[in-house]
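The values are calculated or read from the model by the stated rules, or taken from the named source; none is laboratory data. Since we're looking at a predicted model, the values are computed, not measured. Backbone-built Cβ (ideal geometry, glycine too); neighbour counts: all protein chains shown.
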């Protein structure tokens, strides 16, 4: 941890950092959201509300209709409303894709992340999924699910991005602790990302196990609650999907299929790298497959770093 990252010492500073950080994404926050994502400071919601009002009095932040943002940034309120409406439509697409994925073998968890998890999608956004698989079957699970969504024309591919499913990250159930892939000196980017994960499929309490092994994020976000949406509460896996996925798991259990999938996909990845290069943020191994070429929320806008 760098010296700068240790400077958050009081509640007011932590609150201002949190508002500024999300403001950089064009996202005003409610008082509950400020408390939930409060950076490196444990506090009661009532304490955060008092500090927010103090910051308003000092004209360091503004508030309209219960949303807090930096001065002269009222325009992001309308932006949040538009993004919320788009996100609701994208959630319907995400649920359809998840129903398809529920038929796939070796998938233990599917979670929405990035803009969909925060309801901040715009017209150009894709739909990012994070998938946890059964151990020793990550390559086959990735290949099977990618091919299925690709055949249905709902997977992101080439210039086909808007509203399409991006299967950006896979991890097997023995490698759910993601701390080792956090960006150096900016570990909190990953902390926010993990806190924002919104589960949809959750077999064998995999989501709870995942959050437990990543409880290290509490040093950055001590108040963070699980991002449980109504979509998760209402989502059920059909009996047919359970039967078919189980049958496929038995049929494709032999090691041969995982070896074949690994060989085939590594060859495809290498061909892609020859064409597009090899971004540092791309990782592929028997434990984790991270294909998203953009690193964890590298924010350049706003002045949030001045509060570190």
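Scan the stretch 178-197 and tell me whether some residue there is over 22 Å from residue 127 (Cα atoms), out of contact with any strand residue (DSSP E or B) (no Cβ under 9 Å at 6 or more places or on another chain) and modelled with pLDDT of 95 or more. There is no residue in the stretch 178-197 that is over 22 Å from residue 127 (Cα atoms), out of contact with any strand residue (DSSP E or B) (no Cβ under 9 Å at 6 or more places or on another chain) and modelled with pLDDT of 95 or more. Quick test of your reading of the structure: residue 115 fulfils all but one of (1) touching a strand residue (DSSP E or B) at 6+ places or on another chain (Cβ under 8 Å); (2) surrounded by fewer than 20 Cβ atoms within 10 Å (Cβ to Cβ); (3) farther than 24 Å from residue 237 by Cβ. Name the failing condition by number. Only one criterion in (1) touching a strand residue (DSSP E or B) at 6+ places or on another chain (Cβ under 8 Å); (2) surrounded by fewer than 20 Cβ atoms within 10 Å (Cβ to Cβ); (3) farther than 24 Å from residue 237 by Cβ is unmet by residue 115, namely (2).
Per this entry, residue 139 is counted among residues that are over 24 Å from residue 230 (Cβ atoms), in a helix (DSSP H, G or I), in contact (Cβ under 8 Å) with a residue 60 or more places away in the chain and assigned by TED's automatic domain parsing to the domain that holds residue 253.
Results for (1) out of contact with any strand residue (DSSP E or B) (no Cβ under 7 Å at 6 or more places or on another chain); (2) in the same structural domain as residue 120 (by TED's automatic domain parsing); (3) at pLDDT 95 or above, shown as yes or no for each residue.
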position	(1), (2), (3)
19	no, no, yes
24	yes, no, no
28	no, no, yes
34	no, no, yes
45	yes, no, yes
54	yes, no, yes
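Consider the stretch 251-300 and keep the residues that are part of a loop (DSSP other than H, G, I, E, B) and modelled with pLDDT of 80 or more. The one that is nearest to residue 130 (Cα to Cα) is 287.
A quick yes/no check of all residues on (1) surrounded by fewer than 19 Cβ atoms within 10 Å (Cβ to Cβ); (2) over 22 Å from the mean Cα position of the chain (by Cα); (3) part of a helix (DSSP H, G or I):
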site: 17; (1), (2), (3): no, no, yes
site: 26; (1), (2), (3): yes, no, no
site: 42; (1), (2), (3): yes, yes, no
site: 46; (1), (2), (3): yes, yes, yes
site: 63; (1), (2), (3): yes, yes, no
site: 72; (1), (2), (3): yes, yes, no
site: 78; (1), (2), (3): yes, yes, yes
site: 88; (1), (2), (3): yes, no, yes
site: 97; (1), (2), (3): no, no, yes
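Does the stretch 13-48 hold any residues that are touching a helix residue (DSSP H, G or I) at 6+ places or on another chain (Cβ under 8 Å) and over 17 Å from residue 225 (Cβ atoms), and which are they? Those that are touching a helix residue (DSSP H, G or I) at 6+ places or on another chain (Cβ under 8 Å) and over 17 Å from residue 225 (Cβ atoms): 13, 15, 16, 17, 19, 20, 21, 23, 24, 26, 27, 28.
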